[in-house]
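Colleague: Got a structure for you, questions after.
Read the figures in this text as sums done on the coordinates, not as results from a lab. Model, not experiment: these values are computed from the prediction. All Cβ positions, glycine included, derive from the backbone under ideal geometry; neighbour counts span all protein chains shown.
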Ligand SMILES: [Cu+2]
């Protein structure tokens, strides 16, 4: 019996010993799962740092390169609506041949800028009026080949001066309307086939001036 019980107890002691070593091992060493997650955290941190560094580099690039488009922060809808209404109001104040435009340098600042007019629309040609002693659209820009027509609308006796007519005369003699009298349906057309800037005036009223800019 003695040898039997001795033989029987020995493996139990070994097993208890092995289990104890096992427990100690588990307490002292982090589990593979913990190891893994630590490593993952480390990688995530590195990625985060890389992303932040990239963002900083991009910001620096934007400051250094003014040609890069500036992304405006999104405005609340009400503010956006007010701005649009303001633009629409100002648009109505732009003279003929100009439109409200912003520049890339000042995307929030709008000013009336020349647009290029060309044949087409209601009359086919581009129509300007002479009224109350002045050229009513003193500066326009047209595409090469455009017909510009001046309509005499001034019905004031003496046409704002001492003669009852106005005249459209290019300063270098490129065109001359002759007398456009206050009475009758008087108008004058000229086709601009050359690129350039053409200044014209009214000889009896030299303070009446205008410019036609012709572009390709
Ligand atoms: Cu005149």
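Colleague: Sort 113, 134 by Cβ crowding within 10 Å, fewest neighbours at the top.
Modeller: Placing the least packed residue first, the sequence is 113, 134.
Colleague: Now for a separate question. Need one number: the % of Cα-Cα pairs in the range 97-216 sitting beyond the 16 Å mark.
Modeller: Value for the range 97-216 (Cα pairs over 16 Å): 62 percent.
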